[in-house]
Structures are given as C-alpha cells and as structure tokens.
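K.L.:
Please find one structure pasted underneath; my questions will follow.
The values are calculated or read from the model by the stated rules, or taken from the named source; none is laboratory data. Just so it is clear, the model here is predicted, and its values are computed rather than measured. When we count neighbours, we look across all protein chains shown, and the Cβ atoms used for this are built from the backbone with ideal geometry, even at glycine. Side chains included, ligands, DNA and RNA excluded: accessible areas come from the protein's heavy atoms. Shrake-Rupley method; radii C 1.70, N 1.55, O 1.52, S 1.80 Å.
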Protein chains: 2
Amino acid sequence: MEAHFLGTAGGVPTPGRSLPCSALRVNGRTLLFDCGEGSQRQLMISSLSLMSVDVVLLSHHHGDHVTGIPGMLQTMGLFSRGRGMRIMGPEGTVELLEGMMSTYGEELPYGLEVRDLEDGDGLVFEGVDISAVATEHGVPSLGYVAREPLRPGRFLPEKARALGVPEGPLFSRLQRGEGVSVGGKTVEPEEVMGPTREGRSIAYSGDTMPSPRFASAARDVDLMIHEATFPASMADRAAESLHSTAAQAAQVALDAGARFLVLNHISPRVEDEAAHAQEAAEIIGASKVAVARDFDRMRIDYRE
Amino acid sequence: MEAHFLGTAGGVPTPGRSLPCSALRVNGRTLLFDCGEGSQRQLMISSLSLMSVDVVLLSHHHGDHVTGIPGMLQTMGLFSRGRGMRIMGPEGTVELLEGMMSTYGEELPYGLEVRDLEDGDGLVFEGVDISAVATEHGVPSLGYVAREPLRPGRFLPEKARALGVPEGPLFSRLQRGEGVSVGGKTVEPEEVMGPTREGRSIAYSGDTMPSPRFASAARDVDLMIHEATFPASMADRAAESLHSTAAQAAQVALDAGARFLVLNHISPRVEDEAAHAQEAAEIIGASKVAVARDFDRMRIDYRE
C-alpha cells in the first residue's frame, strides 16, 4: 500500500504544485483522491500508470478538485481502455459528470460507473474498505478513510506444542486456518494464534475546516493526509473559507491518534514550507509530519 | 511580437508536452490559440503572466484543445481579475462555454465575451488584425491569420532635400505624416517616403488536414504554426483522422510562401523529432522549419 502525491496545490496551481490529486496504490491498481486539472499528465510523469486508475473519489466539486476528470477520461479512451472506471463523490457527482460528458461530447469505449455517496457509505477497492465521512466545507463534501480488513494473528508454535501438536504438516494446517486432531481431541487455529492484527490504513480529508467527525472516523490511521491550506497567521481567512491551518490539521491528527500526518493542499499563501511543517510539529511532533510535494510517495507498512 | 509555445502535444499529453496552447504576445498582452488542460500552469511556468491573457481563440472543440479553459477562468477570478476576457472559436463556442459555466458553477468577477466565428470573421488584438479561416478537421474548425497593418514607408531625406525641404524641424513634421510648406508649395509626406512596409504576421492552423484555403489566407506570413500530428509513415492515419504529416505541413507553408514554419501538435506517435523536422526540411529547407517544444518562444521581427 502506497500513497502518491500528484498534485499538492490549494486552489490555484503554482509552477511547483499541480492541482489536487493524491493516489492510493494497492496491488498495482490506483485510486485517486480528487482529480484537479493536470492530473493525467502528473500520472504520466510519476511512476504510476494512467491506465492503472480504477477509481476516483471526489472530496467536493470545486473546480480545482475536478477539472482533470474530462481529459483523463478522454485519454483513457484514446488509449483504448476496456476496463471499467468508477467515479464517486458527494451529492451532485452524478450531475457533475453528466455536465462534463455533455459539455465535451465525450464518448467512452469503457464503462463508467458514477455514484453519489453520503456520510457512512462505503466501497471496496482491491480488498480495502473505504468509507466516506461528511466534512465541513460549506458545500457537500466528504473525507475518506481506507482500511484493510483485520489480518489473522500470528501462529504461535509454542502454544501448539503445549497442546500436543507435533511440528510438521499439522502446523501448516493450523497456519492455514484449519483445525487438527491430536490424541482424540481437536485443536482449533484460534487456540494457537496471537491476537488479530490491524490492516494498514489511510485517511484523506479533502477540503475542510477541522472536523471532529473526520478525526473520529480516522481513529488510529497509519497515514492521515489533511489539507493545510493556510498558515496560522491566516487562521481568520481559513475559518472564513472553511479550510484548515497546519496547526489545526495537526490537532485533528493528534485527536485521531494518526501515526503520521502529511500536510496537503498548500496554498500559494504558504510562503515558508518549513514554518508550515513546524506549526504542525509543535502539536504532533516533528517525526510525525511532512509537507506534501508533488511526486512524493510513501509506503505504508504493517505495524509490528 | 512573439510566439510562445506552451503546449505542443497532439491528442494526449506526454511527460514533455502539455496539451495544445500557443500564445501570441503583443504589447505585453497575450492571446492564446487553444487552451488544453494544463495551460494555466504552463503560463505560470513560462515567462508570460496568466493575467496578461485577454483573448482565447479556439481552433475547434475537441477536448485536448479546450479543457484548460474552466480552470484558467477560475484562477483569474481567484486572482481578482477585473479586465474583461474574450473567448472565440468556431460554431458551438458559445454553447461550449455555457456548458462549462453550468457544469462547474463558475461565477466570474470579470466580463467574459464569447462569440462564434465563421470563415472570414475578424477581430483586433492590440492593433493586430486577426481573421478566421475555415479548415478541414471533420468538425467546425478554424485557423487564424494575424497581421499587423501596413506601416508607412521609411522617410527618405534625400528626396526631401531634392524638393527643397531644409533639414531640421520640417523633416520631423514630414516624418510624423504632416505636409510642410516650402517656398510657396506644399510637400506631402508621401512624396518623401519609401513604399509602405508589411507588418509582421503569424498564422496558426489548429488541427486540420492540408488546407489550400488556409495556405491562401496565410500568404507570405512571417511565421506559420502548423499541426504535424503524424510522421509520413502514418499518412493513412493522418488522412483518416483529418490531420497532417510534417511533410504536408511543409507543403502548405511552401504554398503560402511562409518565411518560417513551426511544426506543432506532435503526437506521441512521432518517435523521432529530428526525422520529423527532416521530413519538412526536405520540402521547405532546413533553415525554415523547427519542431515546437514546450516553452519555446520566437520573436517575429520586421522584414527589412
């Protein structure tokens, strides 16, 4: 599981930052969180393949988050894509896509499933459960929390031995989740396994003011990608426009118990990236935060 | 007068080429020919200012030529533009912009004039006359020819002297276009000026198969920007899709008597740029052709 940062700007692009687009990579397939103008080309420049994109989840419908969709869909068609695509987002997503298709006269040679999501709705992407959580941006808006299912606990050979199971093929059967008969009684796998283990997880805030609901849904995630449009000195402007400062993003990550925070959606008003990171570091700790840059990537490992 | 190449790809972007957008720069103001996805960011990366763009002329409405419009208009609004903008293109441009505005819910703080053009229609940009010429791409499509008005001829001091005008303030008045009285008769400026001189000129083909009408309208231009989507080895494909090869573009430039040709709209199918230029060079001469690259710029000087 990897996160890729393809566009990390807020509102308007800059020479160094393309409009919002982050990717979740699982099993060689790609899910995009938002798809601002230029995302198809950012994908081409990155190590990801444009054609690996199977799902786009929109946080909301402001132009900077959605203007990359028509071009990407068209290019996939020109590249003779056959595999279906899914695009989902808050209320109005179906209408948005209808408008795009009609405006640009798109005809796609592949299936496109478009769906409006509500708070609590979910989908599955490459075995990962993703749920939508309502956020606060003054328009229909959603954040997303992606969690792998729980994994079985580790096999504990000493427990198996203590229950009289001889090392060898019976160990393998227990590890595969099957019960085994030993001396007239059955040993079940649960008896020789440690506790079930957390899957990997990632949360994406989209554009929002600090949201307790999002913090709660993102409990204990390995990686939180949170918008941090403005520096603390512009907290008033952040509040007016229903955005977050770096410090506010860090407080949400702290409240959620997130293991790592990436500050994303960086407005041109953030003139000093190091100071932006420092604002968050003062709350969550310097080892737990980074400012996203275009083409950054991050591997998410299992906790051990 | 300068031409800037901001996006030189054909159909789909590549890591090195953004979608179609070329700029005509006059008096510090900018006119765009086409506005594919990513054009606003290409402008920001270039030496041009996004806010200097006053006019966008569309060659046609295929997605790769127009998907950059909504984001650019939105960013201009976020930057508090007040100055009006003009967007013009072939039949359907008004409808296209209505679709974009309604799809993205754009509200702009500046005036936007949108107009459908027909073959022969014209506009003036910074004193430069621009006329639309119908091209051949299977959909409503236009090329554009921009010409400065004729300039007055050079002042010829020897002629003035021969007519009895003394060097000094009377020379200046003749140079400013005023008649002067000398020894009871009037000397008119035309009597002491050389022939009127050509203004500078540039022609932009948009997407088209080779078009005699475009060649004729672009007679004698200083710079022809012509699409050259495919190499000669794919002439069949070019014909089917109503595009041009590099050799065909060169033949159009030769027929028009263009002083220089830039090959533009380069598809990823063009694997060898040098060979692409060579195809055209064999027809028009190696000193008269170049393959456009993103961020190339070219100054157009007066002929002397």
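K.L.:
Which residues of the range B:93-110 end up with at least 50 Å² less accessible area in the presence of all protein chains than when their chain stands alone, using a 1.4 Å probe?
P.N.:
B:T103, B:Y104
K.L.:
At most 13 other Cβ atoms within 10 Å and a DSSP loop assignment: could you name the GluC sites (Glu not before Pro) in the range A:10-112 that fit?
P.N.:
Answer in residue order: A:E107.
K.L.:
Run through the DSSP bridge list for the protein assembly as shown and note the antiparallel percent, rounded to the nearest 5.
P.N.:
Antiparallel: roughly 55 percent of the beta bridges in the protein assembly as shown.
K.L.:
Here is a follow-up. Compute for chains B and A the buried accessible surface, both sides summed, probe 1.4 Å, and express it in Å² to the nearest 100.
P.N.:
The contact between A and B buries close to 2400 Å².
K.L.:
Relative to the Cα centre, what is the charge dipole magnitude of chain B, using +1 at the beta carbon of each Lys and Arg, -1 at the beta carbon of each Asp and Glu, and rounding to the nearest 20 debye?
P.N.:
Dipole magnitude for chain B comes out near 1220 debye.
K.L.:
Per the 1.4 Å probe, what fraction of the accessible area of the protein assembly as shown, in percent, lies on carbon and sulfur atoms?
P.N.:
That share works out to 49 percent.
K.L.:
Would you mind checking which residues have amide H under 5 Å from B:V291's amide H? H placed 1.01 Å from N; only 5 or more apart, or other chain.
P.N.:
Under 5 Å from the amide H of B:V291 lie the amide H atoms of B:L263, each far enough along the sequence or on another chain.
K.L.:
May I ask which residue of A:Q74, A:A3, A:Q248 lies farthest towards the positive end of the charge dipole of chain A, with charges of +1 (Lys, Arg) and -1 (Asp, Glu) on Cβ and the Cα centre as origin?
P.N.:
A:A3
K.L.:
Still on this structure, I have one more. If you fit an axis through the alpha-carbon atoms of helix A:69-78 and take the longest principal axis of the Cα set of chain A, what angle between them do you get, 0 to 90°, nearest 10?
P.N.:
70 degrees
K.L.:
Show the residues, 5+ positions off or on another chain, whose built amide H is closer than 5 Å to the amide H of A:L112.
P.N.:
Correct list: A:M85.
K.L.:
Another one. So if I place +1 on the C-beta of Lys and Arg and -1 on the C-beta of Asp and Glu, and nothing else carries charge, what would the dipole magnitude of the protein assembly as shown be about its Cα centre? I want it in debye, nearest 20. Don't skip to the answer; put the middle values down first.
P.N.:
Working: 56 positive and 84 negative charges, 293 e Å.
Its charge dipole is roughly 1400 debye.
K.L.:
Output the 0 to 90 degree angle, nearest 10, between the alpha-carbon long axis of helix B:273-284 and the longest principal axis computed from the alpha carbons of chain B.
P.N.:
40 degrees
K.L.:
The range A:9-108: which trypsin sites (Lys or Arg not before Pro) are DSSP loop and have at most 15 other beta-carbon atoms within 10 angstrom?
P.N.:
Answer in residue order: A:R83.
K.L.:
Ok, one more. Going by a 1.4 Å probe on protein heavy atoms, which residues of the range A:66-84 end up with at least 40 Å² less accessible surface in the whole assembly than in their chain alone?
P.N.:
A:T67, A:Q74
K.L.:
Scaled to the compact-protein estimate 2.2 N^0.38 Å, what is the alpha-carbon radius of gyration of chain A, rounded to two decimal places?
P.N.:
That ratio works out to 1.14.
K.L.:
Right, next: Work out the FRET efficiency for B:E113 and A:D116 from their Cβ-Cβ distance, taking R0 = 45 Å, and round it to the nearest 0.05.
P.N.:
My answer for the efficiency is 0.80.
K.L.:
Each residue of the range A:91-102 in turn: what ³J(HN,Hα) in whole Hz from Karplus with 6.51, -1.76, 1.60 and θ = phi - 60°, glycine and Pro shown as x?
P.N.:
2, x, 5, 4, 5, 4, 5, 4, x, 4, 4, 6
K.L.:
Only counting protein heavy atoms at a 1.4 Å probe, give the residues of the range B:37-53, ordered by number, whose accessible area falls by 50 Å² or more when the other protein chains are present relative to the chain alone.
P.N.:
Correct list: B:E37, B:R41, B:M44.
K.L.:
Still on this structure, I have one more. So what is the accessible area of the range B:119-163 per residue, in Å², with the probe set to 1.4 Å?
P.N.:
Heavy-atom accessible area per residue stands at 46 Å².
K.L.:
Okay, next question. Which whole-number value in Å² is the accessible area per residue of the range A:230-304, probe 1.4 Å?
P.N.:
Result: 50 Å² of accessible area for each residue.
K.L.:
Set the Förster radius R0 to 30 Å, insert the Cβ-Cβ distance between B:D301 and A:F79 as r into 1/(1 + (r/R0)^6), and round the FRET efficiency to 0.05.
P.N.:
On the way: r = 42 Å, r/R0 = 1.40.
Computed FRET efficiency for B:D301 and A:F79 comes out at 0.10.
K.L.:
Can you give me the angle between helix A:246-256 and the longest principal axis of chain A, using Cα atoms only, in degrees from 0 to 90, rounded to the nearest 10?
P.N.:
30 degrees
K.L.:
Kindly state, to the nearest 0.05, the FRET efficiency for B:L150 paired with A:L150, given R0 = 60 Å and r defined as their beta-carbon distance.
P.N.:
The pair B:L150/A:L150 has a calculated efficiency of 0.15.
K.L.:
List the residues, sorted by chain then number, that are 5 or more residues from A:L156 or on another chain and whose placed amide H is less than 5 Å from its amide H.
P.N.:
The answer is A:M193, A:G194.
K.L.:
Across the range A:44-59, in residue order, what do the Karplus-derived ³J(HN,Hα) couplings come to in whole Hz, using 6.51 cos²θ - 1.76 cosθ + 1.60 with θ = phi - 60° and x for Gly and Pro?
P.N.:
Rounded to whole hertz, the list is 5, 6, 6, 7, 8, 9, 3, 6, 7, 6, 10, 9, 10, 10, 9, 7.
K.L.:
To continue, here is another question. Please list, in order along the range B:257-270, the HN-Hα scalar couplings obtained from phi with the Karplus expression 6.51 cos²θ - 1.76 cosθ + 1.60 (θ = phi - 60°), rounded to whole Hz, x for Gly and Pro.
P.N.:
After applying 6.51 cos²θ - 1.76 cosθ + 1.60, I find x, 5, 6, 8, 10, 10, 7, 10, 6, 8, 6, x, 6, 7 Hz.
K.L.:
So what is the 222 nm mean residue ellipticity for chain B from helices alone, if each DSSP H run of at least 4 adds -39500 (n - 2.57) and you divide by all residues, rounding to the nearest 500 deg cm²/dmol?
P.N.:
Computed ellipticity for chain B at 222 nm equals -7000 deg cm²/dmol.
K.L.:
In debye, nearest 20: dipole of the range A:122-188 around its Cα centre with unit charges on the Cβ of K, R (+) and D, E (-)?
P.N.:
Roughly 380 debye for the range A:122-188.
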